[in-house]
Amino acid sequence: MDLAKNLRIDSVSRLQPSGPLQVRPDQTVDEAIELMRRDQVGCILVCQGDCLVGIFTERDLVLRVLAVGKPLTIPVAECMTPDPVTVHPKDPITVAVARMEEGGYRHLPVVNEAGRPLGVLSVKKIVHYLVEHFPTTVYNLPPDPTAVPKAPEGA
Amino acid sequence: MICPNCGYDNLPGSEECSSCQQDLTQLDRPTANNRVEQSLMEDRVGLLEPRKPITVKADATIREAIQTMMSHSVGSLLVVDDDGRLIGVFTERDILTKIAGRPEGWMDLPVGPFMTPKPECVTSNDTLAFALHKMDIGGYRHLPVVREGKPEGVISVRDMLRHITQLCREI
C-alpha cells in the first residue's frame, strides 16, 4: 500500500466519477438548479450535442446570477464557466489532483478523446480514495486517547 | 498475538500474555507504515496553518453574507452568535438548495434560518487523520477549527490534499 506510487498508477476512472449531469446551453438557470438539487450536487456540465462547452457550479450561481440580481430565467450559457479544465479517464490521479490544486477547482469534468463528457470527478472522491488507503484504525483513534467522557455513556 | 517478552502465542486481542502476564495492549495500536501515514497519525491540524475564519452574525442579511463571500472569494462563512461562539455555517450549497428561486425580497432575510446549524468541528490539536476522516464521512470541504466554542480558523480539503501530495513527492 504505497500511496505515492498508487497515486501515479491508479487512473481517474478508478475513482468512479459520478455520471455526467448535463444541460444544454439554452436551458434556463432554473432548470439547471432543479437538476442539481435533485442529485444533490454542486455542479452541472453544459453540453452542446455530445460536446462539453462549459460548467455551471454553485459558485457561478451565487456570483454571476444572484449577487448581480439577474433572474433565474436567463440561459445557462450566460453565466457558465466556458471551456473548463478537464481530465481523461486514463489520466493518473496525481494529474487530477495537480489540476485541482492549480486552479482551485473542486470538480473536474472527465472527458474522452472526442471531447465527450463521461462524468465529473469531485474532490470528495479523492478524499475517499485517500481514506480507503489506510486502515480504519488510523482514523478511529481519538486525537486524545487519554480523554475520559465527562458523563457516563447513556446518562 | 505473539508476546514480545516470552514468545507465547496468545489469542488475538488479549490484554496480557497468558504465559508471562506481559501487558499486550500496545500491540493493538496501529503503527505507521510510511511517511504519509505517520504524518496523518502524528501531525496536528495546526500544522496546516488554518486560514483566518470569515464570520457573520446569524441576524446578518443574506445580501451581507453574499457580499462577504464575494469580497473574500470564499464559498462558506462561519455563523457566530453575539459572544462570538460558532453556531453554524452558511455555504454556497445552502444558497443553492434553500434560497435560489425564492420570491423577491429574500436578500433581506437573515442568514440564521438558512444556515447549517451545529457544524462538525476540529481543534488545532486533533490529528490530521481525525480531520480527514470527518471530511470523508460528512462530505465536508471545510472544517472550522474551534477553541472553547469560538472559531479560530478553517481548514479545507485543499489544504489537506496539498499536504499529502507534498509528502508523496518528497518520498
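Nothing in this text is a laboratory measurement; each read-out follows from the coordinates by a stated rule. Just so it is clear, the structure is predicted and the values come from calculations on it, not from any experiment. Please note: Cβ atoms are built from the backbone with ideal geometry, for glycine as well, and neighbour counts cover all protein chains shown.
Divide by every residue of the protein assembly as shown the summed helix terms, -39500 (n - 2.57) for each DSSP H run of at least 4, and state the resulting mean residue ellipticity at 222 nm, rounded to the nearest 500 deg cm²/dmol.
That calculation yields -8000 deg cm²/dmol at 222 nm.
Skipping prolines and chain starts, which residues have an amide H placed within reach, meaning under 5 Å, of the one on B:Asn10, given they are 5 or more residues away or on another chain?
Residues meeting the criterion, in which the H sits 1.01 Å from N, are B:Ile2, B:Cys3.
Could you please report the charge total around B:Gly139, scoring K, R as +1 and D, E as -1 over all other residues with beta-carbon less than 13 angstrom from its beta-carbon?
It works out to a net charge of +4.
How many partner chain Cβ atoms sit within 10 Å of a residue's Cβ in peptide A:96-103, on average, as a whole number?
Mean shielding count: 2.
Please give me, ordered by residue number, the GluC sites (Glu not before Pro) of region B:1-73 that lie in loop per DSSP and have at most 13 other Cβ atoms within 10 Å.
Answer in residue order: B:Glu15.
Can you give the alpha-carbon Rg of region B:45-170 over 2.2 N^0.38 Å, where N counts its residues?
In units of the 2.2 N^0.38 Å rule of thumb, it is 1.11.
What does the charge add up to near A:Asn6, with Lys and Arg as +1, Asp and Glu as -1, over the other residues with Cβ less than 15 Å from its Cβ?
Taking every Cβ under 15 Å from that of A:Asn6, the sum is +1.
Once you've got the Cα coordinates, tell me which of A:Lys70/B:Lys118; A:Lys124/B:Lys98; A:Lys70/B:Lys52; A:Lys5/A:Lys125 are over 25 Å apart.
In this structure, A:Lys70/B:Lys118; A:Lys70/B:Lys52 lie more than 25 Å apart at Cα.
By how many degrees, 0 to 90 and rounded to 10, does the Cα axis of helix A:93-103 deviate from the longest principal axis of chain A?
The helix A:93-103 is inclined about 60 degrees to chain A.
So for region A:1-124, averaging the separation of alpha carbon pairs under 8 Å that are six or more residues apart and normalising by length, what relative contact order in percent results?
Over region A:1-124, the number comes to 31 percent.
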